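The values are calculated or read from the model by the stated rules, or taken from the named source; none is laboratory data. Small disclaimer: the values here were computed from a predicted structure and weren't measured. Virtual Cβ from ideal backbone geometry, glycine too; neighbours counted across all protein chains shown. SASA here: full protein model, heavy atoms, side chains in, ligands and nucleic acids out. Shrake-Rupley method; radii C 1.70, N 1.55, O 1.52, S 1.80 Å.
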Amino acid sequence: MDANTYPEIECIERSTRKLHSKKILIIGVFHGDEQQGEYIINRYLEEGDFSDIKNVLYFIPCLNHSGKSLNTRQNINKVDLNRNYPTKNWEKTEQNEYFSGESAASEEETRYMVQILERIQPDVIMTIHAPFKVVNYDGPAQEIAEKISELCGYPVLGDIGYPTPGSFGTYCGVERNIPTITLELDEEESNEEAYIRTLPVLEYLANLT
């Protein structure tokens with residue numbers, strides 16, 4: 001993969017390279033107006049103890065840099081990245097805040113993620129969103145979701161309650177059978193509060209067997 005194609009997006013690895021490690025991918029700022037994930041990931045990278053973790057951790061602190069700079073759900077092209085994946089159910093939608101793009105994988109952020117998934121082949125994925133205060137999951141992730149629920153205090157929700165054609169969860173969890181967690185935080189919490197809530201989840205994933 002040519003990292004220079006997407007110079008703003010970082011994928012940072014932490015690992016002790018133990019035998020039989022799982023590969024865990026954790027992503028922040030899918031939507032530009034949901035920015036807690038970047039703070040949480042960057043602080044964990046600074047303060048976390050990675051000296052004896054069981055798994056290989058991959059962190060993307062901010063996927064949607066243009067949306068973050070605009071403080072909008074969408075990216076600079078007014079596309080909702082969580083509707084832009086080349087799933088079997090992708091469809092071109094109305095040009096509102098959930099606009100799926102002119103075509104599947106039309107956005108550079110989506111293409112970057114497709115390449116990352118092919119390179120890493122993650123065993124578990126977690127994306128950090130807001131504001132629903134739930135642990136949503138796709139694919140064979142119910143057991144992991146239930147444990148995360150215990151750790152963060154949010155209920156498990158198998159169905160977010162509305163159609164999400166072209167979603168990342170469908171692309172990874174449903175169509176590729178990768179356990180995929182969407183951790184929906186409380187947008188009213190401070191970054192500090194969100195970090196304290198999420199830290200046990202990150203430590204759990206670092207040592208998931």
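Quick one: would you say Ser149 is of a type outside the set (Phe, Trp, Tyr) and either more than 16 Å from the chain's Cα centre (by Cα) or open to solvent by 20 Å² or more (accessible area, probe 1.4 Å) (or both)? Considered against the rule, which asks whether it is of a type outside the set (Phe, Trp, Tyr) and either more than 16 Å from the chain's Cα centre (by Cα) or open to solvent by 20 Å² or more (accessible area, probe 1.4 Å) (or both), Ser149 comes out as yes. Before we move on, is Pro140 outside any helix (DSSP H, G or I), touching a helix residue (DSSP H, G or I) at 6+ places or on another chain (Cβ under 9 Å) and surrounded by fewer than 21 Cβ atoms within 10 Å (Cβ to Cβ)? Judged against the criteria, Pro140 is a match.
Among the residues that make up segment 155-169, is at least one of them part of a helix (DSSP H, G or I), at pLDDT 95 or above and closer than 18 Å to Ile24 by Cα? Within segment 155-169, one or more residues are part of a helix (DSSP H, G or I), at pLDDT 95 or above and closer than 18 Å to Ile24 by Cα. Of all the criteria given as (1) open to solvent by 30 Å² or more (accessible area, probe 1.4 Å); (2) over 19 Å from Tyr195 (Cβ atoms); (3) at pLDDT 95 or above, the one not satisfied by His20 is (3). Checking each residue in segment 33-43 for being of a type in the set (S, T, N, Q) and either within 25 Å of Lys78 (Cβ to Cβ) or buried (at least 24 other Cβ atoms within 10 Å of the Cβ) (or both) picks out Gln35, Gln36. Residues in segment 72-100 that are open to solvent by 20 Å² or more (accessible area, probe 1.4 Å) and either within 15 Å of Gly169 (Cα to Cα) or hydroxyl-bearing (Ser, Thr, Tyr) (or both): Thr72, Asn82, Pro86, Lys88, Asn89, Trp90, Thr93, Tyr98. Within the option set Ser69, Ser103, being open to solvent by 50 Å² or more (accessible area, probe 1.4 Å), in a helix (DSSP H, G or I) and among the small types (Gly, Ala, Ser) holds for one residue only, Ser69.
Counting the residues of segment 183-207 that are open to solvent by 20 Å² or more (accessible area, probe 1.4 Å) and not acidic (Asp, Glu) gives 8. Assess whether Phe30 counts as being buried (at least 22 other Cβ atoms within 10 Å of the Cβ) and touching a residue at least 60 places away in the same chain (Cβ under 8 Å). In short, yes. Figure legend. Inter-residue proximity from segment 123-143: first residues at negative phi, second residues among the aromatic types (Phe, Trp, Tyr) and open to solvent by 10 Å² or more (accessible area, probe 1.4 Å), beta-carbon distance below 8 Å, spacing 6+ or different chains. Indicated pairs: Val134/Tyr154; Val135/Tyr154.
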